[in-house]
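Enquirer: Let me begin by handing over the structure; questions about it come next.
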Amino acid sequence: MNLHNPDAKTATAYRIGVDIGGTFTDVVMLDPATGKLTNEKVLTTPDDPSEGVLNGVTRILAAGNATSSSVQTVIHGTTLVANALIERKGAKTALVTTKGFRDVLEIGRELRYSIYDLFIDTPVPLVPRELRFEVDERMTSKGAVLRAPDPGALRALAADIRAADVEAVAIVFLHAFRNDENERVVKELLAEALPGITICTSFEVMPQIGEYERTSTAVANAFVQPIFSNYIARLVSEMSRLELPEDLFLMLADGGTVHHETAVKYPIRLVQSGPAGGAQAAAVFGKLAEEPNILCFDMGGTTAKACLIQDGEALKTDNFEVARVFRFAKGSGLPLQVPVIDMIEIGAGGGSIAHVDKLGLIRVGPESASSKPGPACYGLGGTHPTVTDADLMLGYLDAASFLGGDMALSKEASENAIRQALAEPLGLSVVEAAWGIYETVNESMAQAATIHALESGRKVQDFTVLAIGGAGPVHASNLARRMGVRRVICPVGAGVASAFGFLASPTSFEFVRAAIEPVAELDLDRIDAMVRELEEEGRRLVTAAGVAPEDATTSIGALMRYMGQGYEVEVTIPRSVLDARDTAEVESLFVARYEALFGRTEKMETEVISWRVQVSGPKPVLEPTAALIDGPAQKGTRAVYFSESGGFVDTPVYDRYRVKTGEQIDGPALFEERESTIIVPPNAVAVPDAHGNLIIELGE
């Protein structure tokens with residue numbers, strides 16, 4: 001694929017995006033001058049993720065005939081933060097909190113995610129009780145200092161923390177989202193008394209209402225900050241050694257990018273960085289296909305995710321959970337208050353392991369074969385059957401052309417794994433068991449994606465499925481039909497779309513400040529001053545990352561609700577409304593947004609919970625065009641299983657890079673590219689557009 005970038009100014013200013021996944025590390029390199037895009041996939045190195053990053057970058061430079069000195073920008077997304085929380089492999093962390101609130105991490109919301117389970121498991125706090133310390137301080141709910149911390153008591157506290165031999169400290173005080181004075185005083189004293197120990201406050205990380213969520217977020221940030229800081233320092237050092245740019249950029253979970261020095265301060269904001277890149281890529285491809293409303297279906301090696309893109313923009317939220325005790329049970333994980341693209345993890349990835357449950361039913365996941373040892377067909381020691389093994393047995397994948405032939409698969413190993421774990425225990429043939437895996441994972445993903453859309457106040461049938469991730473195009477058409485969606489878009493390079501999305505993302509940073517007030521009583525003079533202060537800090541961050549001051553833009557939003565409600569909606573507030581000090585217009589904007597989401601309004605007073613200020617640089621302009629190779633498109637045929645046809649069908653296989661723009665191909669058909677395979681079922685039609693997207697129209 002070629003990409004035209006109108007903003008390109010130099011012929012030797014390569015931009016590289018690197019996405020670390022659970023199975024593969026994806027690398028994309030763009031030459032802005034020519035539009036040439038080079039892709040690379042290498043196995044992830046879980047023991048030291050930077051090894052996979054550097055290996056991938058080295059290989060892609062060689063593949064693109066480029067030198068390290070010609071690279072202008074490297075943008076990185078990583079699962080390191082999420083994995084550290086899930087695997088509890090962060091730093092030994094202490095919590096310093098208000099007297100009487102030592103147990104907030106265990107008390108939580110006092111809600112049960114499974115009401116009738118008497119033996120419910122809850123997430124174990126990241127900080128054990130013996131490492132939670134109390135300070136006799138108090139802030140009123142309006143932000144006035146009622147009791148300041150005693151310096152003598154703080155010195156004793158520092159001695160206790162030093163004796164506990166911790167690596168990080170999170171400071172979270174009651175009502176600190178209103179006023180950070182007490183948190184700041186304690187941080188300054190502890191930083192002086194405990195050199196070398198990471199210290200962060202809740203006000204710095206995310207100053208929002210919700211003591212449990214704010215505490216959980218600050219603790220998680222402190223828990224991962226030392227290991228993340230060490231990882232970034234090591235990676236930047238190695239990049240410098242290889243004569244790559246020392247200014248590394250990282251993808252945030254809300255779809256923006258920041259300089260590595262900013263990311264190190266707020267590592268918790270990278271908790272969903274890879275999937276966020278996928279959503280950004282989907283928005284680009286959807287716009288080019290003239291489809292503004294997209295259901296992005298991202299199925300990789302370890303997990304699958306779905307998010308909604310409406311009017312060209314991914315939906316966002318600030319409520320997210322990680323490390324769930326039960327993967328799909330909302331409320332069973334550690335809550336985080338950080339800006340993220342609103343997505344749902346909807347099942348399994350290619351490496352997810354299939355097994356027979358106690359009821360004799362086929363289940364897929366949540367356990368994954370990961371990259372070590374990987375699916376049985378990888379031949380790296382894996383013995384459990386996975387989704388990839390099922391796809392191979394059904395003919396959806398070709399053992400000889402996986403990753404463009406760089407990685408040979410063993411069909412015999414897949415057959416043995418499926419037979420022993422599923423077919424023989426259930427009295428099925430290997431093909432029937434493989435089809436059971438395929439059906440199970442597709443049905444669970446379709447149900448979850450439909451519910452996700454309904455919870456967002458939308459119908460999934462109003463969206464077009466856009467498939468990315470190595471396994472996404474293999475499952476997308478079947479998934480879409482189950483949801484009642486009739487159109488699927490498969491972009492070129494779907495298997496490395498998240499890394500491409502990094503290149504399509506602007507430099508940006510979002511600030512949040514709690515300000516709980518009835519709309520009728522809003523002090524817009526004070527709000528305007530606060531917004532301008534945050535805007536100034538945001539401009540400092542993005543200009544330090546290379547954005548020209550005149551190119552930085554600001555968007556303002558407010559989280560609002562009817563008084564008495566327990567949930568909020570985000571409302572965009574134009575600068576002109578603040579300038580005019582127009583509180584009536586603030587309320588009108590909320591009412592219009594509420595009605596658009598829920599189809600009704602209430603006769604109740606409204607209030608603002610918090611204000612949001614996002615400062616961004618310009619979004620890179622990327623315009624993909626199909627880069628075709630001359631020659632016959634059809635490579636041959638192979639037997640592929642389609643249930644609607646009653647079994648295996650001799651199916652034509654096409655080289656994705658040779659199919660001409662506008663050429664209509666009837667299903668069943670397979671389109672192979674290096675990073676993925678696209679399945680076009682019977683009674684469907686596929687047509688490549690001018691940008692390389694393969695548009696699949698599904699019949700009944």
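The values are calculated or read from the model by the stated rules, or taken from the named source; none is laboratory data. Computed from a prediction, not measured in an experiment: that's the story for all the values here. Heads up, the Cβs are rebuilt from the backbone with ideal geometry, glycines too, and the neighbour counts pull from every protein chain shown. For accessibility, only protein heavy atoms count, side chains too; no ligands or nucleic acids. Shrake-Rupley method; radii C 1.70, N 1.55, O 1.52, S 1.80 Å.
Enquirer: Does at least one position in segment 252-265 carry a residue that is at positive phi and among the small types (G, A, S)?
Expert: Checked against the condition, which is being at positive phi and among the small types (G, A, S), segment 252-265 yields at least one hit.
Enquirer: Now a separate question. Which condition does V615 not pass, out of (1) within 21 Å of I516 (Cβ to Cβ); (2) β-branched (V, I, T); (3) part of a strand (DSSP E or B), if it passes all the others?
Expert: Condition not satisfied by V615: (1).
For (1) assigned by TED's automatic domain parsing to the domain that holds H259; (2) β-branched (V, I, T); (3) touching a Pro at 6+ places or on another chain (Cβ under 7 Å), each residue gets a yes or a no:
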| site | (1), (2), (3) |
| --- | --- |
| L131 | no, no, no |
| A153 | no, no, no |
| A158 | no, no, no |
| R162 | no, no, no |
| A168 | no, no, yes |
| I171 | no, yes, no |
| F177 | no, no, yes |
| F203 | no, no, no |
| I209 | no, yes, no |
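Enquirer: Further, regarding this structure: Among the residues that make up segment 36-58, is at least one of them at positive phi and surrounded by fewer than 23 Cβ atoms within 10 Å (Cβ to Cβ)?
Expert: no
Enquirer: Mind counting the residues in segment 671-687 that are touching a residue at least 40 places away in the same chain (Cβ under 8 Å), crowded, with 18+ Cβ neighbours inside 10 Å and farther than 22 Å from D26 by Cβ?
Expert: The total comes to 3.
Residues checked against (1) assigned by TED's automatic domain parsing to the domain that holds I20; (2) open to solvent by less than 30 Å² (accessible area, probe 1.4 Å); (3) aliphatic (A, V, I, L, M); (4) under 23 Å from D342 (Cβ atoms):
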position	(1), (2), (3), (4)
M483	no, yes, yes, yes
I489	no, yes, yes, yes
G493	no, yes, no, no
G546	no, no, no, no
I556	no, yes, yes, yes
V571	no, yes, yes, yes
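Enquirer: Which residue, of D298, D357, is closer than 22 Å to I86 by Cα, modelled with pLDDT of 85 or more and not hydrophobic (A, V, I, L, M, F, W, C)?
Expert: Exactly one of D298, D357 is closer than 22 Å to I86 by Cα, modelled with pLDDT of 85 or more and not hydrophobic (A, V, I, L, M, F, W, C), namely D298.
Enquirer: Next up: Criterion first (assigned to a loop (DSSP other than H, G, I, E, B), surrounded by fewer than 20 Cβ atoms within 10 Å (Cβ to Cβ) and free of Cβ contacts under 8 Å to residues at least 24 places away in the same chain) does L111 satisfy it?
Expert: Considered against the rule, which asks whether it is assigned to a loop (DSSP other than H, G, I, E, B), surrounded by fewer than 20 Cβ atoms within 10 Å (Cβ to Cβ) and free of Cβ contacts under 8 Å to residues at least 24 places away in the same chain, L111 comes out as no.
Enquirer: Related question: More than 15 Å from D462 (Cα to Cα), in contact (Cβ under 8 Å) with a residue 60 or more places away in the chain and touching a helix residue (DSSP H, G or I) at 6+ places or on another chain (Cβ under 8 Å): is that true of A289 in this structure?
Expert: no
Enquirer: I'm trying to understand the selection: among the residues of segment 242-265, which are surrounded by 23 or more Cβ atoms within 10 Å (Cβ to Cβ) and basic (K, R)?
Expert: Matches in segment 242-265: none.
Enquirer: Any idea which of I268, I227 is aliphatic (A, V, I, L, M) and open to solvent by 40 Å² or more (accessible area, probe 1.4 Å)?
Expert: Within the list I268, I227, the selection yields I227.
Enquirer: Still on this model: Name every residue in segment 451-471 that is modelled with pLDDT under 90 and not charged (D, E, K, R), in order of residue number.
Expert: Of everything in segment 451-471, those that are modelled with pLDDT under 90 and not charged (D, E, K, R) turn out to be I451, H452, A453, L454, S456, G457, G469, G470, A471.
Enquirer: State the number of residues belonging to segment 381-435 that are assigned to a loop (DSSP other than H, G, I, E, B), closer than 20 Å to F648 by Cβ, over 27 Å from the mean Cα position of the chain (by Cα) and of a type in the set (A, V, I, L, M).
Expert: Total satisfying the criteria: 5.
Enquirer: A further question on this structure: Strands (runs of 3 or more DSSP E) wholly in segment 129-173 with at least 2 residues that are open to solvent by 40 Å² or more (accessible area, probe 1.4 Å) - which ones?
Expert: 145-147
Enquirer: Where the second residue is assigned to a strand (DSSP E or B) and hydroxyl-bearing (S, T, Y) and the first is under 18 Å from H76 (Cα atoms) and lies in segment 28-39, which pairs have Cβ atoms under 6 Å and are six or more apart or on separate chains?
Expert: M29/Y14; M29/T38; D31/Y14
Enquirer: Can I ask one more? Could you please find all residues in segment 80-100 being under 21 Å from G333 (Cβ atoms) and part of a loop (DSSP other than H, G, I, E, B)?
Expert: R88, K89, G90, A91
Enquirer: If a residue has to be hydrophobic (A, V, I, L, M, F, W, C), farther than 20 Å from S588 by Cβ and more than 30 Å from the chain's Cα centre (by Cα) to count, how many in segment 518-572 make the cut?
Expert: Counting residues in segment 518-572 that are hydrophobic (A, V, I, L, M, F, W, C), farther than 20 Å from S588 by Cβ and more than 30 Å from the chain's Cα centre (by Cα) gives 1.
Enquirer: Just a yes or no: is a residue in segment 642-658 open to solvent by less than 30 Å² (accessible area, probe 1.4 Å), part of a helix (DSSP H, G or I) and under 29 Å from V488 (Cα atoms)?
Expert: yes
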